[in-house]
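Read the figures in this text as sums done on the coordinates, not as results from a lab. Bear in mind the structure is a predicted one, so any value in this text is a computation, not a measurement. Glycine also receives a Cβ, built like all others from the backbone with ideal geometry; neighbour counts cover every protein chain displayed.
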């Protein structure tokens, strides 16, 4: 099951629609409970990039901004993986890649840990 936010409409931005999907524990930073997923249907300008879409979402959710971006550099932090149309950022897209109508940007938390060697 997933939750869909209302469409955000801005007459100056209604040239394309992009879905931002936030998954699992990352939903805690956008008003969720840390489970499931949240979808945001975003109206974007024709010159929008992955970075600008994520920056706009980060303005609305300050806690997301704190975990998504490295404060000093403006780079992405290492704790949340960004996918564009199911491809990990850096393979076919970068933060500065243009987004097109119908694109999906997914934020998924990285899971780290190791194997226990206890006997």
(request) Mind giving me the nanometre distance, one decimal, between the label points for residue 59 and residue 36, set 7 Å out from Cα along Cα→Cβ? (result) 2.8
(request) Take the Cα coordinates of region 3-109, assign each an equal point scatterer, and use the Debye formula without solvent to give log10 I(q)/I(0) at q = 0.10, 0.24 Å⁻¹. (result) -0.24, -1.52
(request) Extending each Cα 7 Å along its Cβ direction at residue 19 and residue 111, get the distance between those two points in nm, one decimal. (result) 2.2
(request) Going by C-beta contacts inside 10 Å, put 99, 30, 82 in order with the fewest on the left. (result) 30, 82, 99
(request) Obtain the nm distance between the two label points defined at residue 97 and residue 71 by a simple spin-label model: each point lies 7 Å from its Cα along the Cα-to-C-beta direction. (result) 3.1
